[in-house]
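The values are calculated or read from the model by the stated rules, or taken from the named source; none is laboratory data. Treat the numbers as computed from the prediction; the structure is a model and nothing was measured. Note: ideal-geometry Cβ built from the backbone for every residue, glycine included; neighbour counts use all protein chains shown. Remember, those area values only see protein heavy atoms, side chains included, never the ligands or the DNA or RNA. Shrake-Rupley method; radii C 1.70, N 1.55, O 1.52, S 1.80 Å.
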Amino acid sequence: MCGIVGYIGHRQAYDVLMKGLHRLEYRGYDSAGIALMKEDGKLNVYKSKGRVADLEAKVVGCDVGGSIGIAHTRWATHGEPCDRNAHPQVSQSGRIALVHNGTIENYAVLKAALAQRGYAFASDTDTEVLVQLVDYIQTVNGCSLMDAVKEALAQVEGAYAIAVVERGNPDTLIVARKSSPLVIGVGVGEIFIASDATPMVGYTDRVIYLKDNEVAEITRPSNLKIQSLESGKTSAPDIQTLRMSVEQLEKGGYETFMLKEIFEQPHTLRDCIRGRIADDGQRVVLSGVLENRDRFLQARRMIIVACGTSWHAGLIGKRIIQELCCLPVEVEYASEFRYGHPQITDKDIVVALSQSGETADTLAAIQLAKSKGAFVYGICNVVGASIPRNTDSGTYIHVGPEIGVASTKAFTGQVAVLALLALCVGQERGTVGRDTICCITRAMRQMPEIIQAVLGLDPVIRELSRTFTYARNFLYLGRGYNYPTALEGALKLKEISYIHAEGYPAAEMKHGPIALIDHEMPVVVIAPDDSLHDKVVNNIRQVKSRGGLVIALVTQGDASIREMADYCLEMPKVPECLTPIVASVPLQLLAYHIARIKGKDVDRPRNLAKSVTVE
Ligand code: AGP
């Protein structure tokens with residue numbers, strides 16, 4: 001969702017910015033733009049609806065010189081996707097250019113006030129209001145760009161990460177943030193800025209994560225002045241080392257990022273559990289839990305807050321934690337939690353679950369939980385993102401950059417970390433026995449080989465997918481641990497193939513959805529050999545009696561379901577709480593192949609963004 005890149009240094013800014021925009025494409029967008037300034041202070045701005053490639057095509061033959069610039073990929077919130085609404089937005093005088101990620105809540109009031117002072121607006125965006133405001137303040141006060149930006153931001157309500165340049169001032173770049181991420185990369189005689197660190201990889205590994213309510217004035221060659229927007233105090237830059245390689249950001253021979261990420265799972269699950277299980281398998285070591293042992297011992301309840309796929313992982317986590325920790329767990333959509341008057345006390349542990357660590361609703365839920373005294377634990381993938389920096393403690397899932405918009409390896413990583421969390425908390429609370437710990441940790445260690453075996457189903461699933469491209473609807477059914485797996489399977493299919501799909505607890509089907517079943521309705525049933533297996537067999541029978549087409553995911557050797565189902569995919573047996581990890585992989589492949597056969601862009605599905613940084 002909206003990506004920002006900026007550069008000031010000794011290179012051609014155009015090359016750095018375009019490469020950066022391509023790296024940010026995974027976030028999802030509908031238009032792109034760039035502003036470049038030459039040494040003589042001339043500002044050139046180019047914008048295009050569509051892909052970054054469309055922008056590149058548009059600037060062929062144009063003047064793209066200059067060693068300072070800002071660029072943007074826009075995900076429309078205010079106004080349709082079109083050239084006029086794309087960023088950079090430029091003030092009426094043509095003097096200030098600004099890119100913005102977030103939303104300005106009070107833009108209508110500010111716009112009306114500026115209009116009264118003679119400002120006309122060329123776009124429908126809230127961003128244009130901000131750039132006009134900066135222009136107005138500078139004109140009236142005759143102040144520096146930095147002071148004008150600070151003054152403008154003092155009048156703004158909402159969320160933003162911004163980068164601003166000024167015509168005639170090729171030595172200065174201003175950035176600021178509130179609730180939307182912004183990273184500064186420090187090179188030798190050059191500075192990079194971006195919404196996340198990916199555009200900097202290969203240029204520098206020294207990064208600063210700008211904090212909320214901070215503004216930075218960047219001047220040549222690489223001077224940085226970071227100031228609090230609230231107190232005005234200047235702070236020393238906290239430079240951290242970025243651990244991300246160019247190879248991690250490339251497709252590595254796969255046709256898409258999503259396929260690469262599905263196939264990476266044996267390896268990402270190994271990374272995820274590395275160093276977290278004692279050699280004898282009898283103990284789980286999560287420093288985030290052990291360093292806050294008392295909070296976990298005194299806890300009366302856990303509340304998991306998350307969105308989308310992460311929410312599905314949270315539902316699985318709920319079952320594992322309830323089973324192993326004897327602690328009540330609630331799972332809430334972060335967007336509902338924040339407005340639901342949640343009754344929270346200091347005996348609650350709120351677990352914020354997020355791949356990106358930047359989801360606006362989840363961040364707001366964290367703030368709310370903290371304000372009510374809860375201990376907030378973050379489970380996140382992106383190192384240094386806003387969620388890990390705003391929680392009391394937490395655990396990274398360590399699955400590496402996930403570029404495909406549809407989450408795959410992050411989901412299995414989240415479930416694995418939630419299982420580790422349950423084991424660790426359960427062992428400390430004395431609610432889980434050694435044998436259970438050993439049984440689950442043994443299976444977790446074998447998970448890379450198990451997932452490798454499941455990936456062996458790929459050619460079969462690819463072939464099977466051809467049969468179902470006609471379908472306009474799919475049902476996904478599962479029970480217990482695999483009801484959330486059904487939800488996740490359905491979400492994957494609809495996200496990337498645009499086929500309508502719904503996940504249901506298998507037994508709920510007879511209370512309504514069974515009316516949909518006919519010989520054209522594919523029904524995917526997740527039916528491992530677990531405590532609810534026989535119940536699910538009955539549910540399959542109900543579907544078959546009504547002519548439904550059943551694709552069943554079963555444990556190897558399950559003859560009873562093989563007899564009934566139209567298609568059977570077999571998975572190795574694992575402890576019940578880990579079955580969602582194993583079962584989600586064939587579902588990812590099924591969604592993937594159906595979408596590819598239908599010719600869809602699976603890495604960048606329409607209307608979707610990788611990190612949802614607006615409400
Ligand atoms: C997953 O495939 C989706 N693209 C989406 O539901 C995602 O899981 C959701 O937006 C939450 O993102 P987060 O994990 O980064 O917080």
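Note on residue 58: lysines with a C-alpha under 21 Å away, same-chain residues under 8 apart excluded, are 19, 38, 42, 47, 49. Whole-Hz Karplus values for region 278-294 come out as 4, 3, 7, x, 8, 9, 10, 10, 10, 4, x, 8, 5, 6, 10, 3, 4 Hz, taken residue by residue from phi with 6.51 cos²θ - 1.76 cosθ + 1.60 and θ = phi - 60°; glycine and proline positions read x. For the chain, carbon and sulfur atoms together expose 47% of the accessible surface, with a 1.4 angstrom probe and every protein chain in place.
Counted over the chain, the DSSP beta bridges are approximately 60% antiparallel. Sparsely packed loop sites in region 457-525 (the trypsin sites (Lys or Arg not before Pro) outside DSSP H, G, I, E and B with at most 15 other Cβ atoms within 10 Å) comprise 472.
222 nm [θ] for the chain, helices only, -39500 (n - 2.57) per DSSP H run of 4+, per residue, to 500? If you can, show how the numbers build up before the last one.
On the way: 20 runs with 226 residues, N = 615.
Value at 222 nm, helices only: -11000 deg cm²/dmol.
Ordered by solvent-accessible area of protein heavy atoms (1.4 Å probe), largest first, the residues 87, 78, 22 come out as 22, 78, 87.
Between the DSSP loop rule and a limit of at most 16 other Cβ atoms within 10 Å, which trypsin sites (Lys or Arg not before Pro) in region 513-550 are left? Please list the in-between numbers first.
Values: sites: 535, 541, 544, 546; in loops: 546.
For trypsin sites (Lys or Arg not before Pro) across region 513-550 that sit outside H, G, I, E and B with at most 16 neighbouring Cβ atoms in 10 Å, the list reads 546.
Helix 409-429 and the longest principal axis of the C-alpha atoms of the chain enclose an angle of approximately 70°. Each listed q (0.11, 0.12, 0.16, 0.19 Å⁻¹) maps to a log10 I(q)/I(0) for region 293-403, found by the Debye formula over equal Cα scatterers with no solvent: -0.29, -0.35, -0.64, -0.92.
Rounded, prolate or oblate: which fits region 496-563 when a ≥ b ≥ c are the square roots of the eigenvalues of the alpha-carbon gyration tensor, with rounded for a/c under 1.5 and prolate only if a/b beats b/c? Prolate shape, in that a/c is at least 1.5 and a/b is the bigger ratio.
Enter the accessible area per residue of the chain (Å², integer; probe 1.4 Å; all protein chains in place).
Working: 22590 Å² over 615 residues.
For the chain, the solvent-accessible area averages 37 Å² per residue.
For region 1-103, GluC sites (Glu not before Pro) meeting the loop criterion (DSSP other than H, G, I, E, B) and having at most 15 other Cβ atoms within 10 Å: 39. Each peptide in 117-129, 362-374 gets a packing score, the mean of other Cβ atoms within 10 Å over its residues, and the list from highest to lowest is 362-374, 117-129. In vacuum, with every alpha carbon of the chain counted as one equal point scatterer, what does the Debye formula give for log10 I(q)/I(0) at q = 0.06, 0.10 Å⁻¹? Two decimals, please. Normalising to I(0) and taking log10 leaves -0.34, -0.90.
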